[in-house]
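FYI, it's all coordinate maths here, none of it is from the lab. Worth saying up front: this structure is predicted, and the values here are computed from it rather than measured. Ideal geometry is used to build each Cβ from the backbone, glycine not excepted, and the neighbour counts take in all protein chains shown.
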Amino acid sequence: MSEIYDNPKYYEIAFSFRDIPAEVNLFEECFNRFSHIPVKSVLELGCGNSPHMEELVKRGYRYSGLDLSEAMLEHSRKKAAHIGSQVNLIHANMMDFSLETPVDFVYILLGSLCAKSTSDLVSHFNSVAGTLKKGGLYLLDWCVQYETPFESEGGDSWEMERDGIKVKTTVSWKAINRVEQTFEETLAFDVDDHGEKIRIVGTDIKRAIYPQEFLLFISSRKDFEFAGWWNNWDLNQPLEQSDKIDRPIALVLRK
């Protein structure tokens, strides 16, 4: 999806529907309820435009962000400079990475876990285990597929506008290999930038991770344990009691 990630301004507008302070409130609720250690440092994987960075820094956390896109990291550097904050931005692959100093909390948002195989998934969790302090939490937003992502009639779409720029976003999925649980995810931006019409399309291959498989995977590891999963970023909505699932989060604890 390099073309998509080479356009951080439009990407930021496309996903600006999120309530960032409310989501950081959820982080802190997780810290209070589930973390076994005080949380002072955080790492965002696939950080992109680092949407939570300013709010986290404002609340006193040390922010690190990791991404493969230099354009996104440069965008985040400019944001950090604008707010006068020292942050740690790392150019690396989330499937195989390390940090000099372990952190207290790791998170990944909007299904950005781009594992293409089981070995990728194992390598990713090995890297997280080496980066996250014992007793810390790893939060995954929409990285487990509770519905089969392989068939989509036209996909999902929404529109956002900021500073006179309109972005219509469409996400769609197509099966690649059902045995290997791989699918192609296509993300398209139709942009109206003050009258200039731009279409930007990116694709990525991902491996679907299903709920019972995720539980079995976590239970098979000696370095993580399952803490819970909830619907719509609300700890009062356990997934087991949800009829319609939207923006589900899963939480695991580093043992």
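Listed peptides 102-115, 242-255 appear in the order 102-115, 242-255 once ranked by packing, highest mean of other Cβ atoms within 10 Å at the front. In plain terms, if you count all Cα to Cα distances in the range 81-155 and split them into 10 Å steps from zero, the share in each step is 15, 42, 28, 13, 2 percent. For the residue pairs LYS197/LYS244; LYS40/LYS255; LYS78/LYS255; LYS58/LYS134, the alpha carbons lie more than 28 Å apart in LYS197/LYS244; LYS78/LYS255.
By other beta-carbon atoms within 10 Å, ranking TRP229, TRP173 with the fewest at the front produces TRP173, TRP229. Take the Cα radius of gyration of the chain and divide it by 2.2 N^0.38 Å, N being the number of residues; the result is 0.98.
Among LYS9, LYS206, LYS134, a tally of other beta-carbon atoms within 10 Å of each Cβ gives an order, fewest to most, of LYS134, LYS9, LYS206.
Considering only ILE108, VAL87, SER35, the residue lying farthest towards the positive end of the dipole of the chain is SER35, judged by Cα position with unit charges set on Cβ. Contact order for the range 156-207, expressed relative to its length and based on alpha carbon pairs under 8 Å spaced 6+ residues apart, stands at 30 percent.
Available extension along the chain between SER242 and THR101 is 46.9 nm, counting 0.36 nm per residue and deducting the alpha carbon span. Treating r as the C-beta distance of ALA22 and ARG178 and R0 as 41 Å, the FRET efficiency rounds to 0.65. Give me the one-decimal Kirkwood hydrodynamic radius in Å for the range 156-207, with the sum taken over alpha-carbon pairs. Computed over Cα pairs of the range 156-207, the Kirkwood hydrodynamic radius comes out at 12.2 Å. Across the chain, Cα pairs under 8 Å and at least six residues apart give a relative contact order of 19 percent. Multiplying the residue separation of LEU235 and ASP193 by 0.36 nm and removing their Cα-Cα distance gives an extension gain of 11.3 nm.
Ranked for footprinting exposure by Cβ neighbours inside 10 Å, fewest first, ARG199, ARG33 give ARG199, ARG33. All other residues whose Cβ lies under 9 angstrom from that of ILE200 are scored, Lys and Arg at +1 and Asp and Glu at -1, for a net of -2.
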